[in-house]
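The values are calculated or read from the model by the stated rules, or taken from the named source; none is laboratory data. Treat the numbers as computed from the prediction; the structure is a model and nothing was measured. Cβ placement follows ideal geometry from the backbone for every residue including glycine, while neighbour counts extend to all protein chains displayed. Surface areas here come from the heavy atoms of the whole protein model, side chains and all, with no ligands, DNA or RNA. Shrake-Rupley method; radii C 1.70, N 1.55, O 1.52, S 1.80 Å.
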2 protein chains.
Amino acid sequence: MMDCKKALVETQGNLDKAIIVLREKGIAVAAKKSGRIASEGIVHSYIHMGGKIGVIVEINCETDFVAKSEQFVDLAKDIAMQIVAAKPLYVNVDEVTEEELNKEKEILRKQAINEGKKPELIEKMVEGRIKKYYSDVCLLEQPFIKDSSKKVSAIINEAILKLGEKISVRRFVRYEMGEGLEKRVDNLAEEVNKQIAGK
Amino acid sequence: MMDCKKALVETQGNLDKAIIVLREKGIAVAAKKSGRIASEGIVHSYIHMGGKIGVIVEINCETDFVAKSEQFVDLAKDIAMQIVAAKPLYVNVDEVTEEELNKEKEILRKQAINEGKKPELIEKMVEGRIKKYYSDVCLLEQPFIKDSSKKVSAIINEAILKLGEKISVRRFVRYEMGEGLEKRVDNLAEEVNKQIAGK
C-alpha cells in the first residue's frame, strides 16, 4: 500500500503511470483488477430471439439502495429493450464525433441538392434533418418504444424525479448475430463483379 | 432493389459507399439496419452479483442446428463465465496491438533490469514473460476456470471435434459497474495532492 502511494506521488497522481512504475519495480500489481468502484448502479442485459440479438447496458445512480430498487431495475429493463428494438449507436448527441456529423451533413446536403432545393434553403434543411438523424442514432433522443410520444431522455428524467438521484446511462453494447461479418460484403462484391462481367 | 444493385455497380461493390450514393439520391436506406446475417451462432450474456458485472459474447458456428444444440449453448455459458471471472481484454493474441505489446515488453525489460539480470538474458526473459501476459489478457490463452489444466482454446477445440463445425469466439464485452469512472482517478489524485502538500 505504501508502495502504491509512493508511486502515485512519483507520478503526480497519474494512476496508469503509477501502475507502470510499480510493475517496473517488480511489485505485483494486477493492473486490470485495480478498478475501485466509485459509483453505483447496475449492469443489465437482454437477449432477444433466443440469442440472435443481445444488449448489455450500464446505468448509474448514486446509491446502492436505489440501484436495487424495483423502479430502477425496471428502468434498466426498458432501456435494454429500447436498445434491442431501436438500434441506437450512441448514448447521446455528444458521442457523435465531428467526423461522423460532417459525413452525415454532407449526405443530407447532396440529398437536398438532388431534390432541387434552393441553395439558400439547403443549410436550414440540413439542420432540420440532422435532428432526425440524432433521434435515429442517439439512445436519449429516440422515441421511447413503449410510448413514442416521449423521448428516452424523458423516461430517465421521470425516474430521476421519482427516485431523487442522478441517473445516467453510461454505456451500452448491442450485438446482432453475424452482423458485419466480412462474408456478407464479399458475397455482395462477388454478385456485383458477376454483373459487371455480364454474367 | 434495382437501385441497390446499380449503386453497388457504381461503387464497385463497396457496400458502405453504395449506401451513401443511395441516400444522396434520396432513396430510403436504413443504413444501420442493412446488415445481412451471414453466419450462425449465438449471442449470450451473463450477469454476475446481481448486476455488478455483466458479460456479452458472440460465438459463431456454421449451422443454426449446432447453434441451438445444448452442447453449443453450454460452451457459450462456460465462455461467458470465464470472461466474468478471468477478465480477459482480448479474444486472442492477434488482437493485441503492436503498441500495446511494445509497451508491455518495455515494462518487462525494465523489470528484468531492476532485478539485476544479465543483459544477454533480458530479451529471453521478456519473451518468456510475454507468454504469461498473453495467458492473462487473451481469452483463448487463459487457463479454463473449470479446469485450469486446459486452455480456453482447448475447450473450444473439443467442442469443434464433438459438433463437427468451425466454432469461434467472435467478440465480447465485459462491464464492471463503475469501473474507470473519472471520479476514481480524481479521488486518488486528490489524496496524492494532499500528501504532497504535507497535509
Filter region A:47-101 for residues that are more than 13 Å from every other protein chain (Cβ to nearest Cβ) and polar (S, T, N, Q); the one that is nearest to B:Val66 (Cα to Cα) is A:Gln82
With criteria (1) closer than 30 Å to B:Leu163 by Cα; (2) open to solvent by 40 Å² or more (accessible area, probe 1.4 Å), B:Lys103 comes up short on (1)
So B:Arg129 clears everything in (1) without any contact (Cβ under 8 Å) to a residue 60 or more places away in the chain; (2) under 15 Å from B:Asp78 (Cβ atoms); (3) within 13 Å of chain A (Cβ to nearest Cβ); (4) not hydroxyl-bearing (Ser, Thr, Tyr) except one condition, right? Which one?
-> (2)
Could you please find all residues in region B:43-65 being surrounded by 21 or more Cβ atoms within 10 Å (Cβ to Cβ) and not in a strand (DSSP E or B)?
-> B:Gly51
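So which residues in region B:146-177 are assigned to a strand (DSSP E or B) and more than 30 Å from A:Arg171 (Cα to Cα)?
From region B:146-177, those assigned to a strand (DSSP E or B) are B:147-151, B:168-176; that's our starting set.
Once the filter is applied, which keeps residues that are assigned to a strand (DSSP E or B) and more than 30 Å from A:Arg171 (Cα to Cα), region B:146-177 yields B:Asp147, B:Ser148, B:Ser149, B:Lys150, B:Lys151.
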Hey, can you tell me all the residues within region A:162-186 that are modelled with pLDDT under 60 and more than 7 Å from chain B (Cβ to nearest Cβ)?
-> A:Glu182, A:Asp186
Kindly indicate whether any position in region B:75-84 is in a helix (DSSP H, G or I), open to solvent by 50 Å² or more (accessible area, probe 1.4 Å) and modelled with pLDDT of 95 or more.
-> yes
Restrict the check to region A:170-185 and report whether at least one residue is charged (D, E, K, R), surrounded by fewer than 19 Cβ atoms within 10 Å (Cβ to Cβ) and touching a Lys or Arg at 6+ places or on another chain (Cβ under 7 Å).
-> yes
Subset of region A:10-42 that is more than 9 Å from chain B (Cβ to nearest Cβ) and open to solvent by 60 Å² or more (accessible area, probe 1.4 Å) - its residue that is modelled with the highest pLDDT | A:Glu10
For A:Gly51, state whether it is modelled with pLDDT under 95 and more than 20 Å from the chain's Cα centre (by Cα).
-> yes
From the residues in region A:108-122 that are farther than 15 Å from A:Lys132 by Cβ and part of a helix (DSSP H, G or I), which one is farthest from the other protein chains (Cβ to nearest Cβ)?
-> A:Glu120
Over region B:88-100, the set of residues without any contact (Cβ under 8 Å) to a residue 40 or more places away in the chain and surrounded by 12 or more Cβ atoms within 10 Å (Cβ to Cβ) is B:Glu100
Region B:123-148, residues that are surrounded by fewer than 14 Cβ atoms within 10 Å (Cβ to Cβ) and either farther than 26 Å from B:Leu108 by Cβ or touching a Leu at 6+ places or on another chain (Cβ under 7 Å) (or both) | B:Lys146, B:Asp147
